[in-house]
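Peer 1: Following this message is one structure expressed as structure tokens.
The values are calculated or read from the model by the stated rules, or taken from the named source; none is laboratory data. Only a predicted model underlies this, so the values are computations on that prediction, with no experimental measurement involved. Cβ placement follows ideal geometry from the backbone for every residue including glycine, while neighbour counts extend to all protein chains displayed. What goes into the accessible areas is simple: the full protein's heavy atoms, side chains included, and nothing from ligands, DNA or RNA. Shrake-Rupley method; radii C 1.70, N 1.55, O 1.52, S 1.80 Å.
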Protein chains: 2
Amino acid sequence: MSSAPERRLRADRARQAADVIRRQVVQRSYPDGVLPDERFLAAEFSASRNTIREALALLREEGLIERVPGVGTVVVTEKCVHGLDRLMGLAETLHEQGEVTNDIRAAGPIRPPSSVARRLRLADGEPVVYVERLRRLDGLPLSLDLTYLPVDVGAPLLAQDLRNHDIFSLIEQTSGQRLGAADVALEAVNADLHSATVLEVPRGAALLVVERLSHFADGRPVDLEFIRLRGDRLTMRAVLDRRD
Amino acid sequence: MSSAPERRLRADRARQAADVIRRQVVQRSYPDGVLPDERFLAAEFSASRNTIREALALLREEGLIERVPGVGTVVVTEKCVHGLDRLMGLAETLHEQGEVTNDIRAAGPIRPPSSVARRLRLADGEPVVYVERLRRLDGLPLSLDLTYLPVDVGAPLLAQDLRNHDIFSLIEQTSGQRLGAADVALEAVNADLHSATVLEVPRGAALLVVERLSHFADGRPVDLEFIRLRGDRLTMRAVLDRRD
């Protein structure tokens with residue numbers, strides 16, 4: 001059965017402290033990005049200094065903090081925040097956090113697999129426009145996006161500045177229609193070797209994998225994306241309601 | 001600059017096919033959980049059989065499919081689906097997908113770190129009730145949840161059946177108050193050794209890490225949770241709206 005919180009393994013107590021410190025790091029709550037010293041943290045968490053050391057080791061392993069001689073423990077990764085509440089393009093949502101640019105790895109018409117055609121409500125055999133982008137925030141890879149668009153929506157984008165603009169805003173501009181709702185599915189997946197190379201992370205690094213089907217305001221599905229986001233660079237945020 | 005979609009590396013084409021097949025697997029779209037054969041998939045994706053083999057290798061690496069001699073390629077993991085639209089307890093949201101039980105790893109009062117006290121709007125030095133649960137779906141570990149509750153909300157739970165009930169429903173029962181909204185932050189993180197052991201996954205396995213602060217309907221924050229979910233067992237779903 002259960003045990004009193006203070007009588008658990010050090011590893012459990014270290015994880016418990018690490019979770020709280022992680023949020024402080026991600027929310028940039030430590031002034032100048034320097035963590036309090038071990039003695040302070042030990043008092044704060046009613047824990048031994050060994051437990052705190054183990055907690056900090058977990059966050060170092062995640063690449064969030066580093067120990068700098070003469071300075072202390074400092075935050076080395078700033079995660080950016082992507083809202084899950086509203087349907088927004090990456091540049092739109094991150095405009096205060098840095099500059100988004102896109103390497104266009106592929107752009108043109110393809111014959112889609114039938115499950116993609118079905119999701120976009122296209123007849124079998126109808127082509128789609130496929131766009132593959134490596135998206136960067138301030139130059140560093142953030143996500144790899146594979147996008148399928150019906151030809152009437154996608155073809156006009158091929159003449160646009162895909163490098164510097166979100167597909168969402170380009171769709172709304174060129175079509176004259178507003179986007180409405182999107183269905184989103186989200187998973188955590190270890191990076192395969194090739195995706196890891198493209199995203200400049202170690203093989204096996206934790207990625208957020210998002211599948212998102214966006215519709216025009218009238219309900220027509222027009223943009224199916226498969227997105228790999230670097231787990232070390234991004235936090236998703238949402239407000240959920242409990243309603244019946 | 002960009003290249004035509006058909007002139008890319010095989011690894012890029014394999015990833016593209018793997019993403020579409022992954023969704024089919026997760027959505028249980030293949031009858032009896034058996035994938036079509038390589039020749040069919042090659043035609044479906046306008047790809048070579050080598051590309052399809054590489055795509056299937058990626059999904060095997062993720063532990064989603066296996067090759068079974070005499071049968072073909074079969075789905076071996078069924079991911080369960082957790083809605084991100086509504087604030088719901090795990091048992092509540094998964095009741096059609098299996099039975100949720102909880103190992104209570106710790107339950108009792110602790111002195112919280114000040115950032116936890118602040119988020120729950122408690123005075124410094126006020127105790128909280130801490131509950132740590134390993135949550136299982138049909139016996140298999142699904143998530144590890146670390147929960148902080150104000151004493152007036154948490155203490156009555158200690159006499160309740162935490163093993164078989166969601167904390168959300170127990171809170172509403174014992175307090176007589178309804179939960180309202182929750183702030184959620186979501187990340188992908190590689191499992192540290194100890195968490196991996198508890199969750200029965202390999203070290204480094206991709207986890208969804210969720211921090212969730214739930215409030216009563218009147219706005220008072222009453223339940224702060226740090227949750228590690230096995231990436232190989234769970235998909236999160238949401239519908240997003242594009243509104244200004």
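Peer 1: Determine how large the accessible area of residue A:37 is when every protein chain is in place; take a 1.4 Å probe and give Å² rounded to the nearest 10.
Peer 2: 90
Peer 1: Give me the net charge of residue A:42's neighbourhood, meaning all other residues with Cβ under 12 Å from the Cβ of residue A:42; Lys, Arg count +1, Asp, Glu -1.
Peer 2: Around residue A:42, the charge tally is 0.
Peer 1: Could you derive backbone 3J(HN,Hα) for the range A:184-193 from the dihedral phi with the Karplus parameters 6.51, -1.76 and 1.60 (θ = phi - 60°), listing whole Hz in sequence and x where the residue is Gly or Pro?
Peer 2: These are the phi-based 3J(HN,Hα) values: 10, 10, 9, 9, 9, 9, 6, 5, 6, 4 Hz.
Peer 1: Using a basic spin-label model with each label point 7 Å from the Cα along Cα→Cβ, how many nm lie between residue B:24 and residue A:237?
Peer 2: 3.9
Peer 1: For peptide B:12-22, how many partner chain Cβ atoms fall within 10 Å of a residue's Cβ, on average?
Peer 2: Per-residue shielding by partner chains comes out at 5.
Peer 1: Enter the accessible area of residue B:230 (Å², nearest 10), with the probe set to 1.4 Å and all protein chains included.
Peer 2: Here the accessible area works out near 30 Å².
Peer 1: For chain B, what's the relative contact order in percent, using C-alpha pairs closer than 8 Å and at least 6 residues apart?
Peer 2: 17
Peer 1: Applying 1/(1 + (r/R0)^6) with R0 = 41 Å to the Cβ-Cβ distance of residue A:124 and residue B:95, what FRET efficiency is obtained, to the nearest 0.05?
Peer 2: 0.65
Peer 1: Which shape class applies to chain B: rounded if a/c is under 1.5, otherwise prolate when a/b exceeds b/c and oblate if not, where a ≥ b ≥ c are the square roots of the Cα gyration tensor eigenvalues?
Peer 2: Because a/c hits 1.5 or more and a/b exceeds b/c, chain B counts as prolate.
Peer 1: Now for a separate question. Step through the residues of the range B:173-182 one at a time and calculate ³J(HN,Hα) from phi using the Karplus curve (6.51 cos²θ - 1.76 cosθ + 1.60, θ = phi - 60°), rounding each to whole Hz and writing x for Gly and Pro.
Peer 2: With the stated coefficients, the range B:173-182 comes to 5, 6, 8, x, 10, 8, 7, x, 9, 9 Hz.
Peer 1: Most fluctuating residue of B:40, B:168, B:216 in a GNM of chain B with Cα springs under 10 Å: which is it?
Peer 2: Maximum among the listed residues: B:40.
Peer 1: Okay, next question. Determine the calculated [θ] at 222 nm for chain A from helices alone, applying -39500 (n - 2.57) to every DSSP H run no shorter than 4 residues and normalising by the residue count; nearest 500 deg cm²/dmol.
Peer 2: Theoretical 222 nm ellipticity from helices: -7500 deg cm²/dmol.
Peer 1: Now for a separate question. Taking a ≥ b ≥ c as the square roots of the Cα gyration tensor eigenvalues, with a/c under 1.5 meaning rounded and otherwise prolate when a/b beats b/c, else oblate, which class fits the range B:182-237?
Peer 2: It is prolate, given that a/c is not under 1.5 and a/b is the larger ratio.
Peer 1: To the nearest whole number, what is the average tally of beta carbon atoms from other chains within 10 Å of the beta carbons of peptide B:232-239?
Peer 2: So the per-residue partner count for this stretch is 6.
Peer 1: Which shape class applies to the protein assembly as shown: rounded if a/c is under 1.5, otherwise prolate when a/b exceeds b/c and oblate if not, where a ≥ b ≥ c are the square roots of the Cα gyration tensor eigenvalues?
Peer 2: Prolate is the answer for the protein assembly as shown, as a/c is 1.5 or above and a/b outweighs b/c.
Peer 1: Cα axis of helix A:49-61 to longest principal axis of chain A: angle in degrees, 0 to 90, nearest 10?
Peer 2: Roughly 20 degrees, rounded to the nearest 10.
Peer 1: A further question follows. One decimal, nm, shortest first: give the distances between the label point of residue A:27 and those of the same position in the other copies, each label point 7 Å from Cα along Cα→Cβ.
Peer 2: Taking the point 7 Å beyond Cα along Cα→Cβ, the inter-copy spacings are 3.7 nm.
Peer 1: Any chance you could look up the accessible area of residue B:80 with a 1.4 Å probe, heavy atoms only, rounded to 10 Å²?
Peer 2: Probe radius 1.4 Å; accessible area of residue B:80 about 0 Å².
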